[in-house]
Amino acid sequence: MGLSNLSIHVSGDTAWSAYDFTFAGKRANGQPSASKGWESHV
């Protein structure tokens with residue numbers, strides 16, 4: 001899994017992060033699988 005464009009924000013006693021991700025792997029049957037997207041956590 002790769003991460004890019006990480007940002008961390010703080011406002012008072014609350015914080016959150018956001019980043020872009022890329023993921024590559026294989027399914028149980030051996031077929032390749034990949035995805036990319038944006039995620040945030042509070």
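For the reader, a short list of remarks on this structure follows.
A quick yes/no check of all residues on (1) modelled with pLDDT under 95; (2) assigned to a strand (DSSP E or B); (3) surrounded by 11 or more Cβ atoms within 10 Å (Cβ to Cβ); (4) out of contact with any His (no Cβ under 9 Å at 6 or more places or on another chain):
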residue	(1), (2), (3), (4)
SER7	no, yes, no, yes
VAL10	no, yes, no, yes
ALA15	no, yes, yes, no
ALA18	no, yes, yes, no
PHE21	no, yes, yes, yes
GLY25	no, yes, no, yes
ALA28	no, no, no, yes
SER35	no, yes, no, yes
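- Pairing residues of region 14-38 that are among the small types (Gly, Ala, Ser) with residues that are assigned to a loop (DSSP other than H, G, I, E, B), at Cβ distances under 7 Å and at least 6 apart in sequence or on separate chains, gives SER33/ARG27.
The values are calculated or read from the model by the stated rules, or taken from the named source; none is laboratory data. In this text the structure is predicted, and so the values were computed from the model without any measurement. No Cβ is skipped: glycine too gets one built from the backbone with ideal geometry, and neighbour counts run over all protein chains shown.
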